[in-house]
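Here the structure is laid out as structure tokens; the discussion comes afterwards.
What follows is calculated from the coordinates using simple rules that are stated; it is not laboratory data. Since the structure is predicted, the reported quantities are computational estimates derived from the model, not experimental observations. Neighbour counts run over all protein chains shown; Cβ positions are idealised from the backbone, glycine included.
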Amino acid sequence: MSPTNEYEYEDEATIDAKLICSICLSPFIKPTITICNHIFCRNCIEIWFKKSLTCPLCREVLTTKHIKSVRAQAFLDKLDDIEVKCLICEQNGIKRRDFQYHREKFCLKEKHTHSLDEAIHQWENLQSDHQSRIPFKSFYSRRRRLANVISQYPLESTVTLRNYQLTDADMSAVVHYAVKKRQCRILDLGVNQIGSYGIIDLADSLERNQRLKLLSLYQNSICDKSMKHLAHKLATKHSYLKWLDLESTNLNDHSAEYLANMLAKNTSITGLWLSNNHIGYDGVLKLTSVLMSSNKTLKYLDLENNPSIDDSCLECLENMLRQNRTLKTVYLNRCQLSTTSKKRLRDVANSLPNFRLFL
């Protein structure tokens, strides 16, 4: 993840894949290696551990004791040599290692800033209809607390609001301060009580958002209406989100259909967590169909612990594995597939290069 909102990487598609974090899908920042020899940004793996104490790639059980900073100087030099473009003065060809020096010595900086109180005052004039039903004093106090919490995070970094008891009424503040003001790259909203209005507010903020790369809605109950709206906002070539975490969000076959329609048009999402939900045959059929035809970007699909995925889904899954050429990791463990079905899927997976199937 870029640590600031003041530069962007030049021609990210040409950067060596070995320098890319598989969680945020950007060049490593403070690269950290696990005991299973996988490398991630330190911030990315720490966020991942809040959800699962396993390796994101091989699922080996890990703890924070099992990770350490990468010390190989040649590897670190390659990262520092990546060229970036300053978004303030638009100078390009700056090596990442030199950006701070450029910023301090050469770059013309924006000097106009808004205080926290000014931002709060401006935003209160834009309260939406559903927020206007909340008593003003309570709303104002809650909004100020959220603004103070979010303002502690660095620009263009990770904002974590997991288990913060967020509701629909809080989401305009989250969108304003985390997405728009902080321009976060990773937004973790797991384990909250965000409803349809909040999801819709959040979805609207994703349109043409070039900063946010990973969004976690883990353990929020998402209804069909809000899932349809979220998928619609991501069903565009102007979407830049790369990872979407919808684990334990009460998804069903209708939700999977909306996601499949989104994947047919979206060209940015490479990772999709759909584990611990209620997706069955109809949903699997929709998802696998689009992954056999129009979608060429998804690399990571997690369908773990969807009990309605059973042997009726075998043919769909088998065909997807045979015909899709971009998927690299698929999770189907803790579904209701028989031993025979698992063997058939393993046989197909074993014939594919650089592919991992978890059953």
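Residues with beta-carbon under 14 Å from that of Ser275, excluding Ser275: net charge, scoring Lys, Arg +1 and Asp, Glu -1? Local net charge: -1. Under the rule a/c < 1.5 gives rounded, and otherwise a/b versus b/c splits prolate from oblate, where does the range 7-105 land using the Cα gyration tensor? Prolate is the answer for the range 7-105, as a/c is 1.5 or above and a/b outweighs b/c.
Rounded to the nearest 500, the 222 nm mean residue ellipticity of the chain from helices alone is -10000 deg cm²/dmol, with -39,500 (n - 2.57) taken per DSSP H run of at least 4 residues.
When you restrict to C-alpha pairs under 8 Å that are six or more residues apart and normalise by the size of the range 145-358, the relative contact order lands at 13 percent. Under the shape rule built on the C-alpha gyration tensor, where the axes satisfy a ≥ b ≥ c, the chain is oblate, since a/c reaches at least 1.5 while a/b does not exceed b/c.
Taking label points 7 Å from Cα along the Cα-to-Cβ direction, Tyr101 and His232 give a separation of 5.2 nm. What shape does the range 211-316 have by the C-alpha gyration tensor, where a ≥ b ≥ c are the square roots of the eigenvalues, rounded means a/c under 1.5, and otherwise prolate means a/b greater than b/c and oblate the rest? Taking the square roots of the gyration eigenvalues as a ≥ b ≥ c, the range 211-316 is oblate.
From the cross-link list Lys242/Lys296; Lys181/Lys213; Lys233/Lys342; Lys51/Lys242, which pairs have alpha carbons spaced over 24 Å apart?
As for pairs spanning more than 24 Å Cα to Cα, those are Lys233/Lys342.
Counting only DSSP beta bridges whose two residues both lie in the chain, roughly 35 percent are antiparallel.
Quick one: if the Förster radius is 22 Å, what FRET efficiency do Glu207 and Ser293 give, using the C-beta to C-beta distance and rounding to 0.05? Result of the calculation: an efficiency of 0.30.
Sorting 207-220, 167-180 by their mean Cβ neighbour count within 10 Å, with the most densely packed peptide first, gives 167-180, 207-220.
If I take every Cα pair under 8 Å that is 6 or more residues apart in the chain, average their sequence separation and divide by the length, what percent do I get for the relative contact order? Can you show the working numbers first?
Details: 666 pairs, mean separation 33.1, N = 359.
Dividing the mean separation by the residue count of the chain yields 9 percent.
For a paramagnetic label modelled at 7 Å from the Cα of Lys65 toward its Cβ, which residues of the range 13-52 fall within the zone defined by backbone nitrogen distances under 14 Å? Under cut-off, by backbone N: 35. Measuring from a point 7 Å past the Cα of Glu83 along Cα-to-C-beta, which residues in the range 12-35 have an amide N at less than 14 Å? Residues passing the 14 Å test: 12-16.
When the Gaussian network model of the chain links Cα atoms closer than 10 Å, the mean-square fluctuations of Ser26, Ser275, Ser293 top out at Ser293.
One decimal place: the segment Phe355-Leu76 gains 97.7 nm when fully extended, by the rule 0.36 nm per residue minus the C-alpha distance.
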